[in-house]
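Chemist: Below you will find the structure I want to go over with you.
The values are calculated or read from the model by the stated rules, or taken from the named source; none is laboratory data. Please read all numbers here as calculations on a predicted model, not as lab measurements. Glycine gets a Cβ as well: all are built from the backbone with ideal geometry, and neighbour counts include every protein chain shown.
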Amino acid sequence: MKILEITGGNTLEGTIRISGAKNSAVALIPASILADEESTILNIPEITDIDALCDILGYLGAETKKSSESIIINPKNMKNKEISDIYSRKLRASYYFMGALLGKYKKASMYFPGGCSIGARPIDLHLKGFEALGAKVKVKGNKYTVEAKNLVGAPIYLDIASVGATINIMLAAVKAKGITTIDNAAKEPEIVNVATFLNNMGARITGAGTSTIKIRGVEHLHGCFHEVIPDRIEAGTYLIIGALCGKNLKIDNIIPEHLDSLISKMKEAGVDLKIGSDYIVVNKKNDYKAVSAKTAVYPGFPTDLQQPFTVFLTKCKGTSHMTETIWENRFMHVPYLISMGADIEVNGDTLNIKGPTDLHSSEVVATDLRAGAALVAAALSAKGTTKITNVEHILRGYEKIVEKLKGVGAKIESLEI
Ligand code: UD1
């Protein structure tokens, strides 16, 4: 078992380079199989979720060549096979193979996807979208088979602006006959990145990044070169860490506009941020004031930063309120923060956080990816040495987190016990 041992209190100074976006890369890889030729994707993060997707590609017979930060995927010799539970449960994004295989072969069979336990995480909107395109859905226990004689473009309205459903429907619709429109589509930058990739391959998608996406089906897609956008959630996590412990800490290789909602909340609390064209420099201050935030779909405050941001709020004077509106079960970091000295009360979907409080070391568990990131942030700002277990969750989404933090002066070790 891997653990992280972090001794807090060090000032973090220097530059952290942000990697490619996990939530974009995990969709681009399945999307690549829609082409008849090989594609090259640059700025791929080195995280275990990517390894899990490459295992699925290998199982399907697609050739992959991975070097640092890039991947070449050749789907020429691949075959459509059922994706077993062993593969699908490793990560949430395995479900993008459902849309991609359906789009390519008009049939996909796979087991329910895995991922962090942060709520019920149904896939009904994905399935409704596939059905609207003409697919029949069969569910047997945990196994889902979607199959269509012909996929035909259709108008689709999403009851919830779901990231996964928006991308999955795009994947299934790019080669369907006619026009598909997705209304109330999610607008996250990762969706734009996936649509751009598909368009580079010859698809005809307009409106990605707005709430109406229009897809004109094409017969063939070709290979292309594409680059993953910077990870706004990784960047936001390090910005928060910088507000807790940074001195001229530069968060580099980012798109600052993707972080507008976080930046505005941090500024409101009094954080010292210097924003450049592709970087932000952050300095710790000692007089933050309480703020309230509510998670929402993009461009609202990202749910994936709610947990790390909670840690920042423990340092703000007064009572802050953090409301989670996307996931029902995303407060699992709270008991551990309380064990480290935080004053947090859970009131339904809202956290009431009284500050400022001094955090101290504890033995804590990374219950999910972003809870793990929150505990890393807490440990870096706490007195003493904190042990974090279940670190595998963190490594699913944060490339070289130990090296990146050590590089700016953190006392952090990854140990095998
Ligand atoms: C993606 C991100 C995740 C992020 C989330 C919201 C990936 C791999 N993961 O997850 O990090 O927290 O967006 O920004 O990109 N819903 C349904 N039915 C569905 C689909 C979703 O009810 O068929 C609900 C969910 O339960 C949730 C909400 O819609 O309450 C948003 O989910 P969604 O945007 O789909 O999240 P994911 O794509 O799973």
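Chemist: Closer than 29 Å to Lys140 by Cβ, away from the ligand (no atom under 16 Å from the Cβ) and in a helix (DSSP H, G or I): does that describe Asp51? Break it down stepwise before answering.
Modeler: Numbers: closer than 29 Å to Lys140 by Cβ: yes; away from the ligand (no atom under 16 Å from the Cβ): no; in a helix (DSSP H, G or I): yes.
So Asp51 fails the test.
Chemist: Does Thr7 satisfy the condition of being at pLDDT 95 or above and either in contact with a Phe, Trp or Tyr (Cβ under 9 Å, 6 or more places away or on another chain) or not acidic (Asp, Glu) (or both)? First the steps, then the outcome.
Modeler: On the way: at pLDDT 95 or above: yes; either in contact with a Phe, Trp or Tyr (Cβ under 9 Å, 6 or more places away or on another chain) or not acidic (Asp, Glu) (or both): yes.
Yes: the conditions hold for Thr7.
Chemist: Report those helices (runs of 4 or more DSSP H) wholly inside segment 349-416 carrying at least 3 residues which are modelled with pLDDT of 95 or more. Step through it out loud before you land on a result.
Modeler: Values: elements: 369-381, 392-395, 401-406.
Filter on segment 349-416 gives 369-381, 401-406.
Chemist: With a cut-off of at least 1 residues that are polar (S, T, N, Q) and without any contact (Cβ under 8 Å) to a residue 24 or more places away in the chain, name the strands (runs of 3 or more DSSP E) lying wholly within segment 190-297. Explain how you work it out, then say what you get.
Modeler: Details: elements: 204-206, 212-216, 225-227, 246-252, 272-275, 279-283, 292-294.
Output list reads 204-206.
Chemist: Name every residue in segment 256-313 that is of a type in the set (Lys, Arg) and either surrounded by 19 or more Cβ atoms within 10 Å (Cβ to Cβ) or within 16 Å of the ligand (Cβ to nearest atom) (or both), in order of residue number. Outline the logic, then answer.
Modeler: Initially, segment 256-313 is screened for residues of a type in the set (Lys, Arg), giving 265, 267, 274, 284-285, 289, 294.
If the condition is that a residue be of a type in the set (Lys, Arg) and either surrounded by 19 or more Cβ atoms within 10 Å (Cβ to Cβ) or within 16 Å of the ligand (Cβ to nearest atom) (or both), then Lys265, Lys284, Lys294 are the ones that fit.
Residue by residue, here is whether (1) closer than 27 Å to Glu416 by Cβ; (2) assigned to a loop (DSSP other than H, G, I, E, B) holds:
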residue	(1), (2)
Ile6	yes, no
Leu28	no, no
Ala31	no, no
Pro45	yes, yes
Lys65	no, no
Asn80	no, yes
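Chemist: Can you find a residue in segment 130-142 that is of a type in the set (Asp, Glu), surrounded by fewer than 18 Cβ atoms within 10 Å (Cβ to Cβ) and free of Cβ contacts under 8 Å to residues at least 24 places away in the same chain?
Modeler: Yes; the residues of segment 130-142 include at least one that is of a type in the set (Asp, Glu), surrounded by fewer than 18 Cβ atoms within 10 Å (Cβ to Cβ) and free of Cβ contacts under 8 Å to residues at least 24 places away in the same chain.
Chemist: Starting from residues that are modelled with pLDDT under 95, out of contact with any Asp or Glu (no Cβ under 8 Å at 6 or more places or on another chain) and at negative phi, keep the ones in segment 125-142 and report whichever is farthest from the ligand (Cβ to nearest atom).
Modeler: Just the residues of segment 125-142 that are modelled with pLDDT under 95, to begin with: 139-142.
Adding the requirement that they be out of contact with any Asp or Glu (no Cβ under 8 Å at 6 or more places or on another chain) leaves 139-141.
Next, from what is left, pick out any that are at negative phi: 139-140.
Details: Val139: 13, Lys140: 19 Å.
Step by step, filter segment 125-142, then rank; the result is Lys140.
Chemist: Could I ask something else about it? Among the residues of segment 147-156, are any of a type outside the set (A, V, I, L, M) and either within 16 Å of the ligand (Cβ to nearest atom) or modelled with pLDDT under 95 (or both)?
Modeler: No: segment 147-156 contains no residue that is of a type outside the set (A, V, I, L, M) and either within 16 Å of the ligand (Cβ to nearest atom) or modelled with pLDDT under 95 (or both).
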